[in-house]
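Read through the structure below, which is laid out as structure tokens, and then see the notes.
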Amino acid sequence: MDFDLIVRGGTLPDGRVADIGIVGETIAAIEPKLDVTAGTAIDASGNLVSPPFVDPHFHMDATLSYGIPRINASGTLLEGISLWGELKPLLTHEAVRDRALAYCDWAVSMGLLAIRTHVDVCDDRLLAVEALLDVKKTIAPYIDLQLVAFPQDGFYRSPTARENTIRALDMGVDIVGGIPHFERTMADGTRSVTELCEIAAGRGLMVDLHCDETDDPLSRHIEQLACETLRLGLQGKVAGSHLTSMHSMDNYYVSKLLPLIAEAGVSAIPNPLINIMLQGRHDTFPKRRGLTRVKEMQALGIRVGWGQDCVLDPWYSLGTADMLDVAFMGLHVAQMSSPADMARCFDMVTNVNASIMGLDHFGLAVGKRASLVILDAGNPIEALRLRAERLCVIARGKVVAERTKQDTRLSIPGRPGQVNRRHRTPHQAR
């Protein structure tokens with residue numbers, strides 16, 4: 001058969017070298033050698049060909065607003081929430097839309113082709129909801145965008161949050177969100193988990209709650225989330241984001257908690273860049289870093305994906321839409337240093353995150369959507385080490401971003417005229 005596009009000679013994440021044939025928006029063939037013609041051929045020889053990057057936790061309504069109306073001086077989560085409260089009355093539909101679209105341009109350039117974003121519904125105008133629904137339509141040809149109805153000021157704590165959450169879902173928002181640890185009492189937080197899960201079950205929707213994003217070892221809403229998931233038959237459709245309190249919990253309690261999360265099929269989404277920046281702010285030394293128990297959850301079969309969370313907003317002053325940065329930081333803080341663990345970190349920001357978001361059409365396999373990334377790296381571990389350049393990004397069978405490979409020129413007597421930092425280790429050579 002003939003193909004619309006062939007990516008030739010790329011190295012897949014599992015080490016195979018293959019040609020990928022694309023017809024329309026679909027991967028039609030993956031073979032060692034495709035001796036056929038194509039409308040377009042891309043030479044990926046010596047480079048890694050990967051599924052697209054996926055971010056299961058982001059705040060697109062706030063992105064690129066850093067410094068408006070001021071900077072978070074303390075760097076804490078609570079000041080960030082307070083600052084967001086100052087910013088919300090200043091928001092316009094156009095500003096939210098334009099900043100979100102600018103961020104999506106960054107995302108495409110970095111091979112990030114699926115994003116789940118929480119959108120605050122505690123503004124009675126639901127301005128950000130409307131703006132991001134517009135953005136979702138605009139970027140649909142190249143980015144999968146999921147919206148989470150997020151009562152950021154508390155489902156019960158904010159007087160109109162419950163009503164606004166329902167309104168947002170009626171407008172077409174995809175997923176039910178919440179923030180139980182920000183309710184006035186632990187009991188209100190527990191009640192909010194129950195009601196939010198019941199709303200999702202009644203509508204056939206997924207659930208993604210900001211859960212226990214605190215240093216308090218007694219913040220245990222993930223336990224209630226797992227329990228409600230089982231009671232309501234939501235297995236596989238629920239995620240707990242952050243889970244930073246687990247960093248401080250008693251080990252015996254965690255030994256009971258993790259099997260419950262695994263039984264319920266609840267996914268975990270830590271956000272390493274933000275978690276280690278915001279948590280432990282009340283500590284002197286030793287200082288807790290706030291990342292949840294990633295390897296321990298993975299050992300029990302719990303799906304764990306890395307999230308970006310924030311870029312240039314009231315909570316975080318950096319960021320570039322690069323999921324390799326996220327995985328690179330997570331690798332360090334979770335001490336995932338073995339070759340298998342490092343490769344797993346790459347898988348977390350591609351295939352695992354796609355699974356958490358229910359994106360069954362993502363992946364490098366025949367019949368899947370033809371969205372993929374060519375990276376200036378020889379394998380997933382090297383891609384992490386280098387935070388490798390994206391040489392080509394293909395979305396739905398179309399090239400949407402390209403970058404010329406540029407090695408550094410040297411002017412040193414007796415040394416090569418150019419250099420890059422790719423390096424095949426003895427382990428990788430085997």
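The values are calculated or read from the model by the stated rules, or taken from the named source; none is laboratory data. Computed from a predicted structure; not experimentally measured. Counting neighbours? That spans all protein chains shown, and the Cβs are built from the backbone with ideal geometry, glycine included. Ligands, DNA and RNA are stripped out before the accessible areas are found, and what is left, the full protein with its side chains, is counted by its heavy atoms. Shrake-Rupley method; radii C 1.70, N 1.55, O 1.52, S 1.80 Å.
See the values below:
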quantity	calculated
Condition check for Arg191: more than 25 Å from Ser255 (Cβ to Cβ), open to solvent by 10 Å² or more (accessible area, probe 1.4 Å) and outside any loop (DSSP other than H, G, I, E, B)	yes
Residue within the stretch 300-322 that is assigned to a helix (DSSP H, G or I) and closer than 30 Å to Leu5 by Cα present	no
The lone exception for Thr92 - which of (1) at pLDDT 95 or above; (2) closer than 24 Å to Lys405 by Cβ it fails	(2)
Out of Leu359, Leu391, sole residue that is modelled with pLDDT of 95 or more, assigned to a loop (DSSP other than H, G, I, E, B) and open to solvent by 10 Å² or more (accessible area, probe 1.4 Å)	Leu359
Yes/no for Asp347 being part of a loop (DSSP other than H, G, I, E, B), of a type in the set (Asp, Glu) and open to solvent by 10 Å² or more (accessible area, probe 1.4 Å)	no
Selection from the stretch 1-17 of residues that are touching a residue at least 24 places away in the same chain (Cβ under 8 Å) and either at positive phi or not acidic (Asp, Glu) (or both)	Met1, Phe3, Leu5, Ile6, Val7, Arg8, Gly9, Gly10, Thr11, Leu12, Pro13, Gly15
Conditions (1) open to solvent by less than 10 Å² (accessible area, probe 1.4 Å); (2) part of a helix (DSSP H, G or I); (3) in contact with a Ser or Thr (Cβ under 9 Å, 6 or more places away or on another chain); (4) within 27 Å of Glu25 (Cβ to Cβ); number of the one not met by Asn275	(4)
Given (1) open to solvent by less than 20 Å² (accessible area, probe 1.4 Å); (2) of a type in the set (Ser, Thr, Tyr); (3) within 13 Å of Ile394 (Cβ to Cβ), number of the condition Ser65 does not satisfy	(3)
Inter-residue pairs, beta-carbon under 9 Å, first over 21 Å from Met206 (Cβ atoms) and free of Cβ contacts under 8 Å to residues at least 12 places away in the same chain and in the stretch 51-79, second among the basic types (Lys, Arg) and surrounded by fewer than 16 Cβ atoms within 10 Å (Cβ to Cβ), 6+ apart	none
Pairs where the first residue, in the stretch 404-424, is in contact (Cβ under 8 Å) with a residue 12 or more places away in the chain and under 15 Å from Leu391 (Cβ atoms) and the second is assigned to a strand (DSSP E or B) and open to solvent by 90 Å² or more (accessible area, probe 1.4 Å), C-beta under 9 Å, 6+ apart	Asp407/Gln418
Of all residues in the stretch 239-262 being touching a helix residue (DSSP H, G or I) at 6+ places or on another chain (Cβ under 7 Å) and in a helix (DSSP H, G or I), the one that is most open to solvent (accessible area, probe 1.4 Å)	Leu260
Subset of the stretch 102-129 [part of a helix (DSSP H, G or I), buried (at least 16 other Cβ atoms within 10 Å of the Cβ) and among the aliphatic types (A, V, I, L, M)]	Ala107, Val108, Leu127, Ala128, Val129
